[in-house]
Amino acid sequence: MTSTDVRGLSGTGLTFPPGFTFGAATASYQIEGAVDVDGRGPSIWDTFSHTPGKTFEGHTGDVACDHYHRFPEDVSLMKELGLSAYRFSVAWSRVLPEGAGPVEQRGLDFYRRLVDELLEAGVAPWLTLYHWDLPQTLQDRGGWADRDTAARFADYAGVMYDALGDRVPHWSTLNEPMCSSLLGYMAGQHAPGHRDPVEASRAVHHLLLGHGLATGLLRDKGADHLGITLNFTPMSPATDDPADVDAARRLDGQQNRMFLEPIVTGAYPVDVAEDLAAAGAPLPVEDGDLEVISTPIDWLGVNYYFESTVRAVTEPTGKPSPWIGGERIEDVEPEGATTTMGWGISPSGFTGLLTRLHRIAPGLPLFITENGSAWNDVVDDDGQVHDPERVEYLLQHLASVVDAIEQGVDVRGYFAWSLMDNFEWARGYDQRFGLVHVDYRTQQRTLKDSARVYAEILRRHRDGA
Ligand code: FCB
């Protein structure tokens, strides 16, 4: 893409409200590397990625983007792109190597330096406390299946707020508890790699409880912009056959409603609680838990990548499934182009999701905390990375956000996933989501065309053009 093409974007009609936040997101284990320096304790992702057969070609986050040592360069890139915000997560086991107990100051210092660098660059820090890297010591005591982990999470949140509350304005408790619970404890695709519906259902509830406890504590300590990030996938039935319709109801329940509703309405959806109980994995709710979980938040983080079509089948699929009691439900292959993740592309599903969230929680401001796509990016002979598919995905999805705003949805910001290519969990370094290309051999960063397009959109927005 030439600079003329980038300028040609004026035809896209992407006008955002004044003050709209534009950022990019990352997560600790996906970018930091430096897994055994400065007292960091192991996390479940160290264990999982080092277990043979769990990740693509045995990839691990041992080095990743070496962001731990290169963060000043990465913050300069953010400044160059004109980001007004950066969403990152803290590795719990850098700060509390055993998950609880003694605080490792060197770990905290890393985040202090990062935050200072961001503030200096004029980039607002958005801190996520938990993006999946549970300290291994806590996993050894049962992980999220154990109720005590929720209390330990709140303690850790307090440590972080005491250290950084004066400098970090935006706080988020969890990233995608659906993945931490259902992919980690039910499908076995993510750490800790278990396949146990009872553990999975317990993990769901304890993650939400941890969110509520941490939210209450940070609120008491003075936090005034607190949220949580959930990942939403709209679910449609393949046909109007009642079995398919019921399959879509179940999956919409476990993917979307089971996480959102307790937070915004103070109750689990009745049908979902029944499905889980019928599968022998009831939600372990105790008196008072739902009041804690529904502690008011200031914003909801929305992660959106694709939508799904599902159908019921007569025999169990035999494939590992994240869905509790979902052995007889399968995804229909997406129609049309897919990203290298195999995910379909559906910008209209994004607008539909945002309008639905606005109906369910009308007063709650939404921030898109992740949206993006993976492609086979290469550095070309001209030294550039041409990623037209990502540019198109980005423009289409930004347009969907504009559509939603025009329909009255209160969307206040957008964070691209991701700032740079990184360790894509079980898919390792095989999947590239970055606006910035990373050569893992040299750690060289190269802006992709999509980064230039994004920067141009941000520049116009800043200039009111
Ligand atoms: C989300 C995760 C993020 C990244 C993207 C592609 O589910 O939050 O870390 O892996 O998917």
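Numbers for the structure displayed
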{"quantity": "Estimated distance in nm for a label pair at Val103 and Gln396, the labels positioned 7 Å out from Cα along Cα-to-Cβ", "calculated": "4.7 nm"}
{"quantity": "q = 0.07 Å⁻¹: log10 I(q)/I(0) that the Debye formula gives for the chain, counting C-alpha atoms only", "calculated": "-0.32"}
{"quantity": "Centre separation in Å (Cα based) which lies between the stretch 233-276 and the stretch 287-343", "calculated": "9 Å"}
{"quantity": "Cα-based reach from Lys319 at 20 Å (exclusive), listing lysines while leaving out same-chain residues under 8 positions away", "calculated": "Lys54"}
{"quantity": "Principal axis box of the stretch 126-165, alpha-carbon based, largest edge first, Å", "calculated": "30, 17, 13"}
{"quantity": "Surface accessible to a 1.4 Å probe, per residue, for the residues of the chain, Å²", "calculated": "37 Å²"}
{"quantity": "Largest to smallest accessible area among Asp275, Asp224 [probe 1.4 Å]", "calculated": "Asp224, Asp275"}
{"quantity": "Check: the chain dipole with +1 on Lys, Arg Cβ and -1 on Asp, Glu Cβ, in debye", "calculated": "720 debye"}
{"quantity": "In order through the stretch 437-448: 3J(HN,Hα) via Karplus (6.51 cos²θ - 1.76 cosθ + 1.60), integer Hz, x for Gly, Pro", "calculated": "7, 10, 8, 6, 6, 10, 6, 5, 9, 9, 5, 7"}
{"quantity": "Sorted peptide list for 313-324, 185-196, criterion being average Cβ within 10 angstrom, highest first", "calculated": "185-196, 313-324"}
{"quantity": "Cross-link partners of Lys79 among aspartates and glutamates (Cα-Cα below 15 Å; sequence separation of 8 or more within a chain)", "calculated": "Asp116, Glu117, Glu120, Glu456"}
{"quantity": "Relative contact order %, the stretch 3-463, counting alpha carbon pairs below 8 Å whose residues are six or more apart", "calculated": "17 percent"}
{"quantity": "Among beta bridges that DSSP assigns inside the chain, antiparallel share in %, nearest 5", "calculated": "20 percent"}
{"quantity": "Integer Hz, Karplus 6.51/-1.76/1.60 couplings in order for the stretch 361-368, x for Gly and Pro", "calculated": "10, x, x, 9, x, 10, 10, 6"}
{"quantity": "Cβ crowding within 10 Å averaged over residues, with 398-409, 234-245 ranked highest first", "calculated": "398-409, 234-245"}
{"quantity": "Pairwise centroid distance, computed over Cα atoms, of the stretch 99-159 with the stretch 421-465, Å", "calculated": "25 Å"}
{"quantity": "Which of Gln189, Val391, Leu77, positive extreme of dipole for the stretch 3-463 (C-beta unit charges)", "calculated": "Leu77"}
{"quantity": "Ranked packing of 428-436, 34-42, 176-184, most packed first, by mean Cβ within 10 Å", "calculated": "176-184, 428-436, 34-42"}
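The values are calculated or read from the model by the stated rules, or taken from the named source; none is laboratory data. Here the structure is a predicted model, which means the values were calculated and not measured. Please note: Cβ atoms are built from the backbone with ideal geometry, for glycine as well, and neighbour counts cover all protein chains shown. When the accessible area is computed, the model is the full protein with side chains, heavy atoms only, and any ligands, DNA or RNA have been set aside. Shrake-Rupley method; radii C 1.70, N 1.55, O 1.52, S 1.80 Å.
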